[in-house]
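Here is the structure we will look at, set down as structure tokens.
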Amino acid sequence: MPLTGGYRLTPVMQIGADIYCDSACILDELEQRFPKPRLSLEPVEGEVLGLEHWTEGELFLDVVNVALVEMSATIPPEFMADRGPLYFGADFSLSTLKSNYDGCLEKVRGQLSLINDGLASQAYLFGAVPGFSDARAYYLVWFLRDRMAEAEAFFHQFEHLERWEQSLKKIGHGHFKDLSDIEALDIAKKATPTTPETSENLISEDSEGLKIGDKITIAPAKGGPKVSGTLHNLSPQRIAILREDERVGQVCVHFPRAGYRIERA
């Protein structure tokens, strides 16, 4: 994988030869590049971080468990064998997911009920306007609705959540055009990373002894291939490495620090 060096989860954002992995990293970068209007309008940062860890942690895994079981009769076994370990580790088995299905579905029901109750008196999770938190919760609802055989009946029990879901759906995806994989690789090859090695908000060494120029590997804490490179950019929230690839040349791959394992190569 020339751009990411082996990282396989989605989403990934490419800007020239800079590659941003994980929605948290992508949203942070977009906020920095386009500060007006702000993407994040939530008033209490601690509550936002708590919701982020919730929607990308236990709730996410419960939703994926339900979705994979729902899809298991209609997707190729090799697809299941490929995707399952990305989320549930090397010990993944469909039989385990099936045995956990009822419990996971009830946990999802309970957690969506909390969201539904929170939306009873306001349009969005943190008030009158949508923000990061709404996007993080919405994609789980979208993911599950699109894959459950009885989705309509399941979601109909959440009156306020369905109203919120439709409101977010109307926002849409803006204007875009398709780009082939070859075009994306060519763009990276013609560009050079624009991320500085240091800046005002960056640190050259942290409490773990990591410093610019170290050879390191990065991988999701929940499992997945390690990405190798040279530490180029370091802050308390984010980390970036330089990689060399025959197809695209030098690229800078960015990750959030939370939720990732960082080791010296």
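Is it the case that segment 135-152 has a residue that's in a loop (DSSP other than H, G, I, E, B), under 23 Å from E56 (Cβ atoms) and touching a residue at least 40 places away in the same chain (Cβ under 8 Å)? Looking for residues that are in a loop (DSSP other than H, G, I, E, B), under 23 Å from E56 (Cβ atoms) and touching a residue at least 40 places away in the same chain (Cβ under 8 Å), one finds at least one in segment 135-152, hence yes.
Once segment 125-134 is narrowed to residues that are in contact with a strand residue (DSSP E or B) (Cβ under 9 Å, 6 or more places away or on another chain) and assigned to a loop (DSSP other than H, G, I, E, B), the residue that is modelled with the lowest pLDDT is G131. Considering (1) of a type outside the set (S, T, Y); (2) within 25 Å of the chain's Cα centre (by Cα); (3) assigned to a loop (DSSP other than H, G, I, E, B), the lone condition that Q122 does not fulfil carries the number (2). The numbered conditions (1) modelled with pLDDT of 90 or more; (2) within 18 Å of E58 (Cβ to Cβ) are all true for L94 except (2).
Yes or no: E183 without any contact (Cβ under 8 Å) to a residue 24 or more places away in the chain, outside the structural domain of G16 (by TED's automatic domain parsing) and either out of contact with any strand residue (DSSP E or B) (no Cβ under 6 Å at 6 or more places or on another chain) or farther than 28 Å from F143 by Cβ (or both)? Considered against the rule, which asks whether it is without any contact (Cβ under 8 Å) to a residue 24 or more places away in the chain, outside the structural domain of G16 (by TED's automatic domain parsing) and either out of contact with any strand residue (DSSP E or B) (no Cβ under 6 Å at 6 or more places or on another chain) or farther than 28 Å from F143 by Cβ (or both), E183 comes out as yes.
Could you list, in sequence order, the residues of segment 71-119 that are under 23 Å from the mean Cα position of the chain (by Cα), crowded, with 17+ Cβ neighbours inside 10 Å and not in a helix (DSSP H, G or I)? The one that is under 23 Å from the mean Cα position of the chain (by Cα), crowded, with 17+ Cβ neighbours inside 10 Å and not in a helix (DSSP H, G or I): F92. Within segment 222-240, can you find the residues that are farther than 20 Å from L27 by Cα and within 19 Å of the chain's Cα centre (by Cα)? Selection gives K222, G223, G224, P225, K226, V227. Checked against the criterion of being free of Cβ contacts under 8 Å to residues at least 60 places away in the same chain and either closer than 15 Å to F132 by Cα or part of a loop (DSSP other than H, G, I, E, B) (or both), segment 3-18 contains one or more residues that satisfy it.
The values are calculated or read from the model by the stated rules, or taken from the named source; none is laboratory data. If you're wondering where the values come from, they're calculated on a predicted model, not measured in any experiment. Every residue, glycine as well, gets a Cβ built from its backbone with ideal geometry; the counts of neighbours run over all protein chains shown.
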